[in-house]
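The values are calculated or read from the model by the stated rules, or taken from the named source; none is laboratory data. Computed from a predicted structure; not experimentally measured. Cβ: placed from backbone, ideal geometry, glycine included. Neighbour counts: every protein chain shown.
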């Protein structure tokens, strides 16, 4: 089976950002399938060009990177132009790829689902539409776009794509009523939640080298790892840090994004010596950074729709065996509360965050126990290997190829021989 994924913000093993699709694709190729990804040559988080070390991909997986989008974070208009430019280039690249069985289109950005659908018209498996975030609903909630003609057009386009997809995949159960509201029957929707490759994380490690680098010996390190954007509501960290100046708490904000320059400037203006900014790191280094923390932080703006999300970073934190400070209400709070794996604080409430940090700081043993319970919970319920099996079964059902067909496919040398392995690992950048 040959799967084509169109994903502008795809993160490979050496890229910063979420690696859900890389990990699912890696599992597919390990089971004898092929995966081709059409992605941007510009990293979505950093705005920098490069292949992210794509040569490290396993045989059977290849990435075709298309140019454009270097001014992604300059403005919302520049971002919209980058999305459209990628969609055009992705379609041109996708139509040159032979022998595709099923096309996997993921949103946001919503516009990239169009080339995925057009490319799927020649595939027996058709289009799998994956909804990673509710767009344009999130954008309206944040005030990025008005609830007017543009928003209505985006919703109409999404409904059009829903109707043409063979199935719709969502990564959080909180999305289910919103997708059904657009007329998608329940039997067409598959919940394959966000999760984590638990084998990458080793909770017993303590990250002493990084703690020394941060001058954090004896400190209580609270790590935020991920995008530093307007949606993340990270001013709450600076306000909490100001009230915790008399404690051993040290906040480490690891990542990049549109809001980072503003956050750094405000931290300087407030004279915050207990806030440290660290540039975004490749995903394979995240276990090391989480190991250096005593607790980990996830927060979003207080927008009702954000209560539907399953943020990847929370599962990473739990897999790393660290207590979670959670400033996001809704379905992800249920995961953390059910496991008794951390403390919730109301989004945007700096006093509540500061109080939660003081509680964890005062009882280090209880904090470690929260982390242990979180690790156990994600191993049981959110292991990426389980999700990989689910996505493979879904694709198999759409393509209609049984196990015997796949065995014959491998035997013919379509996967695994030396020439194919070299081809599968190649990286192309189309300008």
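Considering 169, 184, 191, the condition of being surrounded by fewer than 18 Cβ atoms within 10 Å (Cβ to Cβ), modelled with pLDDT of 95 or more, in the same structural domain as residue 18 (by TED's automatic domain parsing) and closer than 22 Å to residue 387 by Cβ is satisfied by 191 alone. Any residue that is at pLDDT below 95, closer than 30 Å to residue 158 by Cα and surrounded by 19 or more Cβ atoms within 10 Å (Cβ to Cβ) - is there at least one of those in the range 198-209? No, there is no match, as no residue in the range 198-209 is at pLDDT below 95, closer than 30 Å to residue 158 by Cα and surrounded by 19 or more Cβ atoms within 10 Å (Cβ to Cβ).
Being more than 29 Å from residue 173 (Cβ to Cβ) and either more than 22 Å from the chain's Cα centre (by Cα) or surrounded by 19 or more Cβ atoms within 10 Å (Cβ to Cβ) (or both) is a property that holds for residue 86. For the range 357-374, the set of residues classified as within 17 Å of residue 241 (Cβ to Cβ) and in contact with a helix residue (DSSP H, G or I) (Cβ under 9 Å, 6 or more places away or on another chain) consists of 357, 359, 360, 361, listed by residue number.
Residue count for the range 351-405, restricted to those that are over 30 Å from residue 30 (Cβ atoms) and outside any loop (DSSP other than H, G, I, E, B): 20.
So which of 127, 134 ends up being over 11 Å from residue 105 (Cβ atoms) and surrounded by 19 or more Cβ atoms within 10 Å (Cβ to Cβ)?
Among 127, 134, only 134 is over 11 Å from residue 105 (Cβ atoms) and surrounded by 19 or more Cβ atoms within 10 Å (Cβ to Cβ).
In the set 339, 298, 292, 280, only one residue is touching a residue at least 12 places away in the same chain (Cβ under 8 Å) and more than 16 Å from residue 255 (Cα to Cα); that residue is 339.
When residue 16 is tested against (1) part of a loop (DSSP other than H, G, I, E, B); (2) at pLDDT 80 or above; (3) buried (at least 24 other Cβ atoms within 10 Å of the Cβ), exactly one condition is not met: (2). Just one residue in the set 247, 262 is modelled with pLDDT of 95 or more and within 25 Å of residue 139 (Cα to Cα); that residue is 262.
What are the residues in the range 304-344 that are assigned to a loop (DSSP other than H, G, I, E, B) and surrounded by 20 or more Cβ atoms within 10 Å (Cβ to Cβ), if any?
Once the filter is applied, which keeps residues that are assigned to a loop (DSSP other than H, G, I, E, B) and surrounded by 20 or more Cβ atoms within 10 Å (Cβ to Cβ), the range 304-344 yields 309, 310, 311, 320, 321, 322, 328, 341.
Could you check the range 217-233 and list, in sequence order, the residues that are touching a helix residue (DSSP H, G or I) at 6+ places or on another chain (Cβ under 7 Å) and free of Cβ contacts under 8 Å to residues at least 60 places away in the same chain? Hits for the range 217-233 are 217, 228.
Checking each residue in the range 91-114 for being in a helix (DSSP H, G or I) and either under 22 Å from residue 33 (Cα atoms) or more than 22 Å from the chain's Cα centre (by Cα) (or both) picks out 91, 92, 93, 94. On inspection, residue 358 qualifies as surrounded by fewer than 18 Cβ atoms within 10 Å (Cβ to Cβ), at pLDDT 95 or above and not assigned by TED's automatic domain parsing to the domain that holds residue 41. Condition check for residue 367 on (1) under 20 Å from residue 191 (Cβ atoms); (2) touching a residue at least 60 places away in the same chain (Cβ under 8 Å): one failure, at (1).
Among the residues making up the range 22-38, those that are out of contact with any strand residue (DSSP E or B) (no Cβ under 6 Å at 6 or more places or on another chain) and assigned to a helix (DSSP H, G or I) are 22, 23, 24, 26, 27, 30. Any residue in the range 148-166 that is in contact with a strand residue (DSSP E or B) (Cβ under 6 Å, 6 or more places away or on another chain) and either in a strand (DSSP E or B) or closer than 20 Å to residue 65 by Cβ (or both)? No, there is no match, as no residue in the range 148-166 is in contact with a strand residue (DSSP E or B) (Cβ under 6 Å, 6 or more places away or on another chain) and either in a strand (DSSP E or B) or closer than 20 Å to residue 65 by Cβ (or both).
Take residue 253 and decide whether it is touching a strand residue (DSSP E or B) at 6+ places or on another chain (Cβ under 7 Å) and either modelled with pLDDT of 95 or more or in the same structural domain as residue 299 (by TED's automatic domain parsing) (or both). Criteria met by residue 253.
Working carefully through the options 312, 340, find the one that is over 23 Å from the mean Cα position of the chain (by Cα), in the same structural domain as residue 238 (by TED's automatic domain parsing) and over 19 Å from residue 220 (Cα atoms).
340
When the range 215-237 is filtered for residues that are out of contact with any strand residue (DSSP E or B) (no Cβ under 6 Å at 6 or more places or on another chain), surrounded by fewer than 23 Cβ atoms within 10 Å (Cβ to Cβ) and either under 27 Å from residue 368 (Cβ atoms) or outside the structural domain of residue 276 (by TED's automatic domain parsing) (or both), the ones remaining, listed by number, are 215, 217, 218.
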